[in-house]
1. Given 0.36 nm per residue, what is the gain on full extension from K131 to W156 after removing their alpha carbon distance, in nm?
2. Which of the three applies to region 1-42, rounded, prolate or oblate, going by the alpha-carbon gyration tensor with a ≥ b ≥ c and a/c under 1.5 meaning rounded?
3. Would you mind checking the tilt of helix 126-157 against the longest principal axis of the Cα atoms of the chain, expressed as 0 to 90 degrees and rounded to 10?
4. Can you tell me the equivalent ellipsoid semi-axes for region 140-203? Use √(5λ) from the Cα gyration tensor, largest first, whole Å.
5. Helix 74-83 against the longest principal axis of the chain: what's the angle in degrees, Cα atoms only, rounded to the nearest 10?
6. Find how many whole Å separate the alpha carbon centroid of region 151-203 from the alpha carbon centroid of region 67-93.
7. Over the alpha-carbon set of the chain, work out the extent along each principal axis and list the three values in angstrom, largest first.
8. Expressed in nm to one decimal, what extension gain is obtained for the pair H91 and V189 from 0.36 nm per residue of sequence separation less their Cα-Cα distance?
Amino acid sequence: MNRTPIHVWDWVVRVGHWTLACAFLTAYFTAESESLRLIHTTSGLVALAVVLFRIVWGFVGSRHALFTSFIRSPKEAMTYLKHLRRTNPDHHTGHNPAGGWAVIALLGLTALTATAGLANYNEWGGHMMEKAHEVLANLSLGLVIVHVLAVAISSWVHRENLVNPMFTGVKQGYANEAIAVERGRFTAVLLLVWAAVLAWWLR
Ligand code: HEM
């Protein structure tokens, strides 16, 4: 069987990804400004809401969004990385085994950063919490830079643009790996409404 373009990423994954990316970067780059404090706190809370929704989606979402479909052992992740140097490296239709760990780290660090920020905003934990929020935010940015570089390297090694599928949902794979087309559109709207309501409620 040959690989053909199939639907891999559902609406929740795609809308969630770009909302999270924009919210995280907005929160990061408005952190130092007093006058942009409302934008900083709101975007941080939107990021937290998206991560919480994505965690639920990791248990009930479509095939390639499920944690069980992409969390592999550290050994498999190392083997995947070693095989990248081969002329024909292992191809994965969803997240590859190393990428799967990066997804967990990105979701976890973003959630911790936003939670520390929320505690800070409510003046819980004093100076320690302020420092923790700052350190976590910088670690998150470092990981985001690694993430974007890894996406670029993986796209080059596999001769496949991985960014486009995060917009269109369509990626190279086998026909029997395709997800049901666009079933999650309503859920994606729900994700945005949930993110907005949670951000407003916690503000
Ligand atoms: C702005 C530049 C960015 C680009 C070009 C980008 C690109 C991508 C791509 C192509 C994937 C899919 C990887 C694969 O095929 O396995 C992905 C997944 C992911 N990215 Fe990014 N990303 C960016 C920024 C971010 C930021 C700022 C965050 C978080 C703070 C982030 C978090 C994630 C997460 C959590 C996933 C997994 C998606 C899921 O399964 O729901 N990304 N990204």
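1. 5.2 nm
2. Note, shape of region 1-42 comes out prolate.
3. Its long axis makes an angle of about 20 degrees.
4. With the √(5λ) rule applied to region 140-203, the semi-axes are 28, 22, 7 Å.
5. With both axes taken from Cα atoms, the answer is about 60 degrees.
6. Centre-to-centre (Cα) distance: 20 Å.
7. 58, 37, 26 Å, listed from the longest principal axis down.
8. Taking H91 through V189 to full extension adds about 32.1 nm, to one decimal.
Any read-out appearing in this document is the output of simple, stated calculations on the displayed coordinates, not a laboratory observation. Just so it is clear, the structure is predicted and the values come from calculations on it, not from any experiment. Cβ sites come from the backbone with ideal geometry, for glycine too, and all protein chains shown count toward neighbours.
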